[in-house]
Amino acid sequence: MQYRRLGSTGLQLSALSYGAWVTFGHQLGRGEARELIAQCLDAGIIFFDNAEVYAQGEAERIMGDVLVDLRVPRDAFCVSSKVFFGAVAEPKPTQRGLSRKHIRDACDQALARLRVDYLDLYFCHRPDPDVPVAEIVTTMDLLIRQGKVLYWGTSEWPAALIREAIEVARTHGLFAPQMEQPQYNLLHRANLERELAPLCRDHGLGTTIWSPLASGLLTGKYADGVPADSRLNTPGYDWLRELVLARRDELGRGLAQFAALARDLGVPQSTLAIAWCLRNPLVSTVMLGATKRAQLDENFRAVELAERLDGELASRIESCFPIA
Ligand SMILES: NC(=O)c1ccc[n+]([C@@H]2O[C@H](COP(=O)([O-])OP(=O)(O)OC[C@H]3O[C@@H](n4cnc5c(N)ncnc54)[C@H](OP(=O)(O)O)[C@@H]3O)[C@@H](O)[C@H]2O)c1
């Protein structure tokens with residue numbers, strides 16, 4: 001494994017990390033989750049991503065139980081949570097969003113579910129137009145001073161709003177956001193490469209990127225339909241199925257070119273797509289979402305492939321898709 005600094009912080013994360021979205025609590029139970037987390041730890045992964053909303057808290061419960069069960073020392077792994085969507089089916093106004101009340105309650109609940117006494121990374125999962133930025137910054141600052149959180153950041157926030165939060169924090173001597181969690185993959189580049197890049201360079205913002213395989217589309221597994229055991233068949237995720245299959249139909253030619261390129265190189269498409277993400281120095285860690293041991297094995301090989309991926313090959317890969 002390779003380790004990278006989270007932006008300008010002193011924290012080192014594994015270049016590959018492992019997240020729980022859809023997987024824990026929907027696709028996998030405790031036993032399978034335990035096997036996959038153990039496999040990640042064996043490969044040197046030390047960062048595990050989660051959120052209050054994943055399986056309404058169950059994903060955090062599973063991850064917490066597994067990390068305790070595997071007896072991983074608390075100083076040997078990092079864990080995150082994200083606040084915004086709430087952890088119940090029909091949240092009341094106080095049970096969702098980024099008010100000081102909900103952030104405080106959500107943080108305490110995440111700590112209990114994950115069975116830790118601090119979160120290494122805590123993200124505001126989306127912007128909340130109903131809460132002043134200063135309220136969010138002061139609340140996150142307080143959580144850090146209370147020792148409940150080490151670093152706070154955002155996910156899918158517009159660059160201008162992150163900049164505003166950094167300015168509020170600097171003006172008042174408060175802890176500023178230090179990382180953003182954006183989608184980043186071969187089909188979704190512009191936000192990180194154009195909007196966020198200046199913040200990464202000027203303010204040392206780190207990035208924990210999600211969906212490196214565009215929900216599996218870049219693996220080629222949906223070229224001829226949807227395999228029965230795939231995420232796209234998970235009850236409640238019809239919206240994801242429609243989204244991914246629409247992208248597949250729209251990008252058919254590029255996906256076929258990308259498949260041919262991987263075949264020529266003799267590497268799995270998943271390995272190549274993840275290696276391409278790793279090549280970007282603005283990426284602090286690539287968060288994986290694999291649901292099977294063999295998938296993780298393929299994905300881990302990306303670290304070694306990224307080291308061999310030169311500019312010429314990267315351009316050939318990029319030429320398969322329009323920049324979006
Ligand atoms: N902040 C946010 O808003 C946000 C949003 C989404 C995700 N995330 C985080 O990012 C993590 C990763 O995102 P993601 O799950 O969308 O990642 P992803 O890697 O783009 O997609 C995972 C999907 O790809 C399939 N897959 C993975 N490796 C494969 C391989 N080698 N061969 C074939 N199929 C493979 C899985 O298969 P199956 O079909 O077999 O299940 C799964 O459905 C999440 O767990 C979560 O922690 C954050």
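Please treat every number below as a calculation from the coordinates, not as lab data. The structure presented is a predicted model; accordingly, all values stated were derived computationally and were not measured. Here the Cβ positions follow ideal geometry from the backbone for every residue, glycine too, while neighbour counts run over all protein chains shown.
Report yes if Pro268 is out of contact with any Leu (no Cβ under 7 Å at 6 or more places or on another chain) and away from the ligand (no atom under 13 Å from the Cβ), otherwise no.
Judged against the criteria, Pro268 is not a match.
Check every one of the strands (runs of 3 or more DSSP E) wholly within the range 1-113 and list those with 3 or more residues that are within 12 Å of the ligand (Cβ to nearest atom) and crowded, with 16+ Cβ neighbours inside 10 Å.
Fully inside the range 1-113 and qualifying: 16-19, 47-49, 78-83.
Are any residues in the range 117-142 under 22 Å from Arg30 (Cα atoms) and surrounded by fewer than 21 Cβ atoms within 10 Å (Cβ to Cβ), and if so, which ones? Break it down into steps so the answer makes sense when it comes.
First pass over the range 117-142, keeping only residues under 22 Å from Arg30 (Cα atoms): 117, 119.
Hit for the range 117-142 is Asp117, nothing else.
List every residue pair whose Cβ atoms sit under 7 Å apart, with the two residues 6 or more apart in sequence or on different chains, where the first one lies in the range 94-112 and is under 12 Å from Asp130 (Cβ atoms) and the second, anywhere, is among the β-branched types (Val, Ile, Thr).
That search, which allows pairs on different chains as well, returns Gly97/Val131; Leu98/Val83; Leu98/Val131; Leu98/Ile136; Ser99/Val131; His102/Val83; His102/Thr94.
Report yes if Thr271 is part of a helix (DSSP H, G or I), crowded, with 18+ Cβ neighbours inside 10 Å and β-branched (Val, Ile, Thr), otherwise no.
Details: part of a helix (DSSP H, G or I): yes; crowded, with 18+ Cβ neighbours inside 10 Å: yes; β-branched (Val, Ile, Thr): yes.
Considered against the rule, which asks whether it is part of a helix (DSSP H, G or I), crowded, with 18+ Cβ neighbours inside 10 Å and β-branched (Val, Ile, Thr), Thr271 comes out as yes.
Within the range 199-209, does at least one residue satisfy the condition of being assigned to a loop (DSSP other than H, G, I, E, B) and under 18 Å from the mean Cα position of the chain (by Cα)?
Yes, some residue in the range 199-209 is assigned to a loop (DSSP other than H, G, I, E, B) and under 18 Å from the mean Cα position of the chain (by Cα).
Could you list, in sequence order, the residues of the range 224-264 that are assigned to a helix (DSSP H, G or I) and in contact with a helix residue (DSSP H, G or I) (Cβ under 7 Å, 6 or more places away or on another chain)? Please lay out each step first, then the result.
Our first condition is that a residue be assigned to a helix (DSSP H, G or I); within the range 224-264, this holds for 231-233, 238-250, 252-264.
Matches in the range 224-264: Arg231, Leu232, Leu240, Arg241, Val244, Arg247, Arg248, Leu255, Phe258, Ala259, Leu261, Ala262.
Identify all residues within the range 132-162 that are touching a residue at least 24 places away in the same chain (Cβ under 8 Å) and under 16 Å from Val116 (Cβ atoms); write none if there are none.
Hits for the range 132-162 are Leu143, Ile144, Gly147, Lys148, Val149, Leu150, Tyr151, Trp152.
If you scan the range 178-197, which residues turn out to be more than 14 Å from the ligand (Cβ to nearest atom) and over 30 Å from Leu255 (Cα atoms)?
Matches in the range 178-197: Gln178 only.
Report, ordered by the first and then the second residue, all pairs with beta carbons closer than 6 Å, sequence separation of six or more or different chains, a first member in the range 210-237 that is closer than 21 Å to Val286 by Cβ, and a second member that is within 8 Å of the ligand (Cβ to nearest atom) and among the hydroxyl-bearing types (Ser, Thr, Tyr).
As it stands, the answer is Leu213/Thr219; Leu213/Ser270; Thr219/Ser270, since those pairs meet every condition given.
Considering the range 143-160 alone, what residues qualify as being surrounded by 16 or more Cβ atoms within 10 Å (Cβ to Cβ) and in a helix (DSSP H, G or I)?
Leu143, Ile144, Ala159
For the range 291-298, indicate whether the set of residues that are within 15 Å of the ligand (Cβ to nearest atom), within 28 Å of Leu205 (Cα to Cα) and touching a Pro at 6+ places or on another chain (Cβ under 8 Å) is non-empty.
no
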